[in-house]
Amino acid sequence: MTRCLRICGSYSYRLTRRHSTILLFIIFILILTTIFHLYGYKHKQQRRVPSQVGDFEYRPGSFLKNKQPNENFTYCQFQYGLPKELKWNSLRIHNSPEIGGKGPYRVIYNAIKGTTFANFTKYNIVTYSTHATPEFLYHVVEIARYWDGPISLSVFVPNYDLDITMQIMTQLCRCYPGMAKISLHLFYHKNHPPKIRSQREYLASLTTEIPTTTSNITIEQILKNKLDNYRKMNNKTRSQYIQWVRKNKIARMMKRMSLKKNSAPNLKFDDCSGPDYDIPTFRKENRIIYPINVGRNSARNASLSNYFLVSDIEMVPSDGLAQKFLKMIRKLMGDKKRDEGCIFAKTIFVVPLFEVEKGEMIPRDKESLVRLVAANRAFYFHQRVCSHCQRFPGLQSWLLRRSPSGVEPMLIARREYPYHRWEPLYFGTQREPWYSETLSWEGRQDKMTQMLELCLQEYRMVVLDGGFLSHAAATRTMAHHSNAERLNNQKYLNIIGKLKQKYPDRPQCRVMWGC
């Protein structure tokens, strides 16, 4: 018996050694199968809930959905005959603030005059100064919703873009009381003066206009219907139809071109939340560059407060930013100096900028923002497309610091290496240099020269904690405009040359001359 066991054991040992690889593989498969079965058993009773992150598109003014405008009342004080006409003999046309009469741009101030803060002194308010083209106008509702102060908005209105602007503003001013905070200014190229249709022209356009939206029927359905109708024709009617198409093709193309160039579309509003389609504009149809800095300068120039925030219209302020900033200024300066109108010399107050991913609501306070950053659902602005543009000094410290009850200074920085390409948005005064109006938005680096001049004038940049601006949704890519970028680069180098002559004794900024 003992001998039999010894023989069997020896045989089993030799068999195991010979087939060890196969046995190990089989054991591995058994272990994986067991793990998968246990995982499936654990989760089979759990209900699968679809993710709510990233499943909706942000639309400015969506909080006004299903609300209808008041046709008999407006919250805005229109001037110069607007919104029905523009009375040129009753207005004064101004040159752009930086270039003046030598430049091609003209400004009409206070086409709509804000009334909410008309009786406040300039020391007790702070203005949100911004700019836009007509298709971005609905973003101003989000600013008015959260900004407790006057709003100075400059809109680029070449040709019939004024007509589009008035259609949108008429709708908004009948929908939302916060529009009474807004003073609207118009700027344009002198070769494309703003136009608005008369009532007769508007009524005529209702019968001849090519529809601007396909809300009731899609393009695919239209093409399908045409194809079905064509198939139903017999040989005779089909040949007649082809001859008619060839005969009228050029006439129809010319008609569409004339409508495209010379007439404004009639916008369709289902409710106060605005149209859900892309708005065609004269600027886009004719590929006119956007002189973004003329908009910034004119909005800033029209500000009635001695402190203002020059920002972009898609940037939404955090809760109470305006009043918190004023309270901080009064605390730092003292009531007596503040009431006398004093300001901090050569000092600007930088507001951190962030953007959120698609499907995230705009954060209202720092705690919510920090949670989104920790979850990789929010980032500092333009982190993925221009990492140096908005990365401010002390970013990590800002995120780690406990949020204060108000707004307070965190650190004082200068725009020097490695932050020599930093383009912050900030609270400033009329003493700061203008933005360079020869630079366009399409050509990029449009704020760079003004920031360089601030460095040359030895400005202090106070980074604020407790307040921020948020972009509505994360920007993945930036449009490429090679010709505009080339022109901007040439103009940028010319401006740099002038600044070298103006400030020859600033060695701390020499690192930026070649940028």
* **Mean accessible surface per residue for segment 316-514, computed with a 1.4 Å probe while every protein chain stays in place, in Å²** => 46
* **Nearest-0.05 FRET efficiency for ILE93 and GLN199, computed from C-beta distance (R0 22 Å)** => 0.35
* To do: Quick one: dipole size for segment 328-396, taken about the Cα centre, charges +1 on Lys/Arg Cβ and -1 on Asp/Glu Cβ, in debye to the nearest 20.
  => 160
* Label-point separation in nm, LEU493 to LYS84, each point 7 Å along Cα→Cβ -> 5.5
* Set the Förster distance to 51 Å, then compute FRET efficiency between ASN266 and ASP505 from the Cβ-Cβ distance, nearest 0.05. => 0.30
* To do: Answer with one residue from THR133, PHE187, TYR146: the one whose Cα lies farthest towards the positive end of the charge dipole of segment 50-200, charges on Cβ with Lys, Arg +1 and Asp, Glu -1.
  => PHE187
* **Gain upon complete extension [LYS65, LYS284; 0.36 nm per residue less C-alpha separation]** => 76.1 nm
* Asked: Rounded to the nearest 20 Debye, what is the dipole magnitude of segment 307-368 about its Cα centre when Lys and Arg each give +1 and Asp and Glu each give -1 at the C-beta?
  -> 540
* Asked: Just how many % of Cα pairs in segment 54-182 lie over 27 Å apart, if you round to the nearest whole percent?
  -> 22
* **Cα extents of segment 316-514 along the three principal axes, largest first (Å)** => 47, 45, 25
* Asked: Between THR237 and GLN396, 0.36 nm times their residue separation minus their Cα-Cα distance comes to what?
  -> 49.9 nm
* Using θ = phi - 60° and the Karplus curve 6.51 cos²θ - 1.76 cosθ + 1.60, what whole-Hz ³J(HN,Hα) does each residue of segment 277-283 get, with Gly and Pro shown as x? -> 9, 5, 8, x, 10, 4, 4
* When the Karplus curve 6.51 cos²θ - 1.76 cosθ + 1.60 is applied with θ = phi - 60°, which whole-Hz ³J(HN,Hα) does each residue of segment 130-141 get, with x for Gly and Pro? -> 8, 8, 6, 9, x, 5, 9, 5, 5, 5, 5, 5
* **Karplus (6.51, -1.76, 1.60) ³J(HN,Hα), θ = phi - 60°, over segment 97-114, in Hz, Gly and Pro reported as x** => x, 8, 6, x, x, 6, x, x, 9, 10, 10, 10, 7, 6, 5, 10, 9, x
* Distance check, please: which entries in LYS122/LYS337; LYS84/LYS190; LYS122/LYS327; LYS447/LYS491 exceed 19 angstrom between their Cα atoms? => LYS84/LYS190
* **Convex hull volume per residue for segment 378-460, taking Cα atoms only, in Å³** => 126
* To do: Would you work out the charge dipole size for segment 316-514 about its Cα centre, treating the Cβ of every Lys and Arg as +1 and the Cβ of every Asp and Glu as -1, and quote it to the nearest 20 debye?
  => 360
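The values are calculated or read from the model by the stated rules, or taken from the named source; none is laboratory data. Not measured: the values here are computed from a predicted model. Note that each Cβ is placed from the backbone with ideal geometry, even for glycine, and that neighbours are counted across all protein chains shown. Just the protein is used for accessible areas: all its heavy atoms, side chains included, with ligands, DNA and RNA removed. Shrake-Rupley method; radii C 1.70, N 1.55, O 1.52, S 1.80 Å.
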